[in-house]
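Report on one structure; see the data block that follows.
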Amino acid sequence: ALYNLKGGVGKTAAAINLAYLSAADGYKTLIWDLDPQGSASFYLNVKPENKNETKKLFSSDIEVKDAIQGSVFENLWIIPSDISARNIDTVLDDLKHSKKKLKSLLNNLKEYDVVILDCPPGISLLHENIFNAADLILMTNIPTTLSINSFETVMEYFKSNELDKNKVKCFFSMVDHRKNLHHETIQQFYKDKLFFKSYIPYLSDVEKMGINQQPVFEYANSSYAAQCFRDLWKEVKKVCL
């Protein structure tokens with residue numbers, strides 16, 4: 001799961017590019033877009049085929065396998081999102097065993113080697129489902145005070161709710177080398193070994209994903225940004241594959 005309490009930290013860009021690299025490595029890879037914004041769906045130029053599809057998946061009005069669509073890339077599929085994703089918590093609140101609903105849906109996707117959840121920001125009943133279901137919670141952080149405060153809030157939430165903190169792994173994104181604060185923050189957290197060594201810099205090649213509606217590797221394969229995502233993927237693989 002690509003997650004942060006805070007929005008605008010580069011979760012979806014990481015989800016798309018890591019999924020692309022997973023697929024390129026030969027793993028059958030599925031992205032599940034759980035964010036009402038549908039940014040992952042936009043990047044892959046895929047829209048839901050049914051009205052209010054995301055809500056219907058959680059209310060069991062649609063089978064999860066029926067929502068899966070192919071992408072233009074080999075070994076890469078997606079469950080796209082729509083605005084009805086904003087109502088997932090309402091649906092979950094009406095269910096028995098509501099904290100395990102997502103895990104039960106994922107159990108129907110055993111044919112995929114890797115499932116990447118692109119999560120909305122926040123902490124809600126949906127996120128409790130995500131924390132319960134995911135093997136790895138990959139937390140994206142900008143090296144700024146507010147982003148790090150969000151990280152610490154989440155870690156405290158895991159502790160107070162007796163959740164498995166070992167699931168949480170972190171990396172820095174949108175790193176601006178021109179800012180001393182970014183350098184100082186990164187060094188502080190590297191020292192404590194809380195974060196992956198690899199990070200994603202703040203570069204226009206990443207921002208252009210929205211223009212191209214493609215992963216970085218399709219239009220800037222030899223760029224520094226592409227290499228940084230490759231380095232991050234190598235570290236992620238060591239943890240979860």
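The values are calculated or read from the model by the stated rules, or taken from the named source; none is laboratory data. As the structure is a prediction and not an experimental result, all values here were calculated from the model. With ideal geometry, Cβ positions are generated from the backbone for all residues, glycine too; neighbour counts draw on all protein chains shown. Ligands, DNA and RNA are stripped out before the accessible areas are found, and what is left, the full protein with its side chains, is counted by its heavy atoms. Shrake-Rupley method; radii C 1.70, N 1.55, O 1.52, S 1.80 Å.
Of note:
- Where both bridge residues fall in the chain, DSSP classifies roughly 10% of the beta bridges as antiparallel.
- Over segment 64-130, the ratio between the Cα radius of gyration and 2.2 N^0.38 Å evaluates to 1.19.
- Loop-located GluC sites (Glu not before Pro) in segment 134-240 (DSSP state other than H, G, I, E, B) with a sparse environment of at most 16 neighbouring Cβ atoms within 10 Å: GLU162.
- Sequence of TYR224, TYR219, TYR190 when ordered by accessible area, the most exposed leading, probe 1.4 angstrom: TYR224, TYR219, TYR190
- Most mobile of LYS28, LYS11, LYS179 in a GNM of the chain (Cα contacts under 10 Å): LYS179
- Most mobile of SER160, SER71, SER84 in a GNM of the chain (Cα contacts under 10 Å): SER160
- Taking GluC sites (Glu not before Pro) across segment 1-103, the ones in a DSSP loop with at most 12 further Cβ atoms lying within 10 angstrom of their Cβ are GLU49, GLU63, GLU74.
- Close amide H contacts of SER173 (hydrogens built in the peptide plane, cut-off under 5 Å, sequence separation of 5 or more or a different chain): ASN141, ILE142, ILE200.
- Entry note, the chain: relative contact order of 25 percent, from Cα contacts under 8 Å with a spacing of 6+ residues.
- Contact order for segment 151-241, expressed relative to its length and based on alpha carbon pairs under 8 Å spaced 6+ residues apart, stands at 23 percent.
- Nonlocal amide H pairs with ILE31, under 5 Å, H built at 1.01 Å: TRP77, ILE78, ILE79, ILE116
- Heavy-atom accessible area per residue - the chain, 1.4 Å, Å²: 49 Å²
- Accessible surface of the chain, 1.4 Å probe, proportion on carbon and sulfur as whole %: 46 percent
- Under-5 Å amide H pairs with LEU5, H placed in peptide plane, nonlocal only: GLY122
- Sites matching trypsin sites (Lys or Arg not before Pro) across segment 89-118 that sit in DSSP coil, with at most 10 neighbouring C-beta atoms within 10 Å: LYS96, LYS110
- Within the listed set GLN213, GLN188, GLN227, the Gaussian network model of the chain (springs between alpha-carbon atoms below 10 Å) gives the highest mean-square fluctuation for GLN188.
- Straight-distance crosslink candidates among lysines, where the alpha carbon sits under 23 Å from LYS96 and sequence neighbours closer than 8 are dropped: LYS55, LYS56, LYS65
- Each part gets one Cα centre, and for segment 134-158 versus segment 1-75 those centres are 21 Å apart.
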